[in-house]
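Throughout, read-outs are computed from the coordinates displayed, never taken from laboratory work. It should be emphasised that the depicted structure is a prediction, and the values quoted were computed from it without experimental measurement. Heads up, the Cβs are rebuilt from the backbone with ideal geometry, glycines too, and the neighbour counts pull from every protein chain shown.
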Amino acid sequence: MTIRHHHFLRLSALALGLAPLAAGAVEYTQVLPEKSAVAFTYRQMNVPVEGAFKRFKGQLSFDPAKPAGARAELEIDMAGVDAGSAEANEEVAGKLWFNTRAFPSARFVSTGIQPLGKDRYEVTGRMTIKGRTLDARAPASFRQDGKNAVFEGAFVLKRADYGIGEGMWADFGTVANEVQIKFRLVAAPAPDKK
Amino acid sequence: MDRPAAYTLTAIRLHWLVAVAIIGTFAVGLYMHDLPLSPRKLQIYSWHKWAGVSLFLLVLFRLAWRIGHRPPAEPEGMPAWQRKAAAAVHHTLYLLMLAVPLSGWLMSSAKGFQTVWFGIVPLPDLVAKNKELGDTLQALHMALNFTMAALVVAHAGAALKHHFVDRDDVLVRMLPFLKK
Ligand code: HEM
Ligand code: HEM
């Protein structure tokens, strides 16, 4: 899987108008995957089942002083999905679900961030799963943890919008359409450029 | 101690209702295990779990009834070892009728699939998700099931022997419509 960090960094630099960082301001850029988590809860036969995306990479540029200029990008390696059991993992990799072979990754690229007050934001962006790109939005809260930033949020994704669970799974009677997604992204400040 | 002459009608109905339901739930358990994953499989698993939980409650009621209503005495002339064996099998069956669904419930929790009775009443997860524990409890659920099945076969065989060989009233008092 290729992740176009460099390309993306260039893009985000463009988005920031190539402005040099203001002295003293902190900008968070590096998502620390081992401290972060992207988890989900789906319902089958009304039984809540927990799962998680174990492998992902993220880039952001977030300056608490200038949240409007922030950007975020998350790329999820779909081979790292844990859908709750070995049998389910095998199933969701298949064509009817994520079709991991044809669509090895999912991504979210932010297009805007609206402050909601009190360190809460609404992130809007483009979500691509299984080759389909749709507008998505999610609330996210920001807090500081030591020198890192922690972004947390949850939103509901409708699996049918992305064709996740087709054919015999398309009916919502067994597996519900609404999937609760929870994320916690921990980001480190940009390394000092001297 | 005084023993009544017959089983109560309630005891008889409970015996057969539970027997039919256990045999059905057992068959569904065996059948569903090898199904390829599909919505149908998830449904059948849920139905199996709902039936098992219902059976557990029914057996609790049956036990309460049994404590309040002693069974009739064994037929005259039944050897002591057979009385003891019959009592031991009956007690073990009561125990297994509770242990089998309990192990199923715990297994489901350990495997990370909570039991939601009829899709409405969530049962608490007494154990956290844990793969090894889930596999152990699955083996336990299976072992308890096969023990229960072996005992039921012996139990039914003994009942038939009473009826056709000893020609006593043991089967008839549990199946009164056989009475002529
Ligand atoms: C008297 C009640 C029950 C009977 C007779 C029964 C019987 C069985 C049998 C024969 C199997 C197949 C064993 C195997 O091949 O692994 C099975 C599997 C299973 N039972 Fe039960 N069961 C009962 C209650 C329950 C309850 C209450 C639950 C959960 C709440 C439950 C959950 C399961 C599950 C999840 C499996 C499948 C294990 C697997 O294949 O992964 N059972 N049961
Ligand atoms: C899952 C299946 C079954 C279970 C769990 C079961 C369990 C029991 C238990 C616990 C008792 C003792 C009742 C008491 O005195 O407290 C009993 C009695 C009896 N069962 Fe079953 N049974 C099953 C199936 C059968 C079958 C298939 C037959 C007949 C072919 C049968 C025939 C009898 C008879 C005749 C009695 C009365 C024994 C007596 O009067 O002392 N049972 N059963």
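Here are a few things to note about the model shown:
- Unit charges on C-beta of K, R, D, E only; dipole of the range B:43-180, Debye: 240 debye
- The order of A:Glu122, A:Glu91, going from fewest to most other C-beta atoms within 10 Å of their C-beta, is A:Glu122, A:Glu91.
- Farthest positive-ward along the protein assembly as shown dipole, Cα basis, beta-carbon charges - from A:Phe108, A:Thr128, A:Gly69: A:Gly69
- Partner shielding of B:113-126 amounts to 2, given as the average count of beta-carbon atoms from other chains within 10 Å of each residue beta-carbon.
- Counting Cβ atoms of other protein chains within 10 Å of each residue's Cβ and taking the mean over peptide B:35-41 gives 4.
- Charge dipole (Cα centre; +1 on Lys/Arg Cβ, -1 on Asp/Glu Cβ; no other charges) of chain A amounts to roughly 600 debye.
- Reachable lysines, given that their alpha-carbon falls under 16 Å from the alpha-carbon of A:Lys147 and they are not under 8 places away in the same chain: A:Lys35
- Simple label model, 7 Å out from Cα along Cβ direction - A:Thr124 to B:Gln43, nm: 4.1 nm
- Options A:Gln30, B:Ala139, B:Pro176, ranked by Cα towards positive dipole end of the protein assembly as shown, top entry (Cβ charges): A:Gln30
- Other protein chain Cβ atoms within 10 Å, averaged over every residue that makes up B:134-140: 0
- Under 5 Å from the amide H of B:Thr115 lie the amide H atoms of B:Leu123, each residue being 5 or more positions distant or on a separate chain, with H modelled from the backbone and absent for Pro and chain starts.
- Shown in residue order for the range A:155-164 are the 3J(HN,Hα) couplings computed by the Karplus curve 6.51 cos²θ - 1.76 cosθ + 1.60 at θ = phi - 60°: 7, 9, 10, 9, 4, 5, 4, 10, x, 8 Hz (x for Gly and Pro).
- Three-way shape call for the range B:98-156 based on the alpha-carbon gyration tensor, with the a/c threshold at 1.5: oblate
- Taking the convex hull of the alpha carbon positions in the protein assembly as shown and averaging its projected area over all directions gives 25.6 nm².
- Prolate/oblate/rounded call for the range B:30-89, Cα gyration tensor, a/c under 1.5 rounded: oblate
- If you take the Cα centroid of the range B:141-155 and the Cα centroid of the range A:30-92, the two points sit 45 Å apart.
- Most positive-pole-ward Cα, B:Gly112, B:Val28, B:Val89, against dipole of the range B:9-178 from beta carbon charges: B:Gly112
- Computed from point charges on the beta carbon alone (+1 for Lys and Arg, -1 for Asp and Glu), the dipole magnitude for the protein assembly as shown about its Cα centre is near 240 Debye.
- 27 Å Cα-Cα threshold exceeded, pairs from B:Lys49/B:Lys84; A:Lys130/B:Lys41; A:Lys57/B:Lys111: B:Lys49/B:Lys84; A:Lys57/B:Lys111
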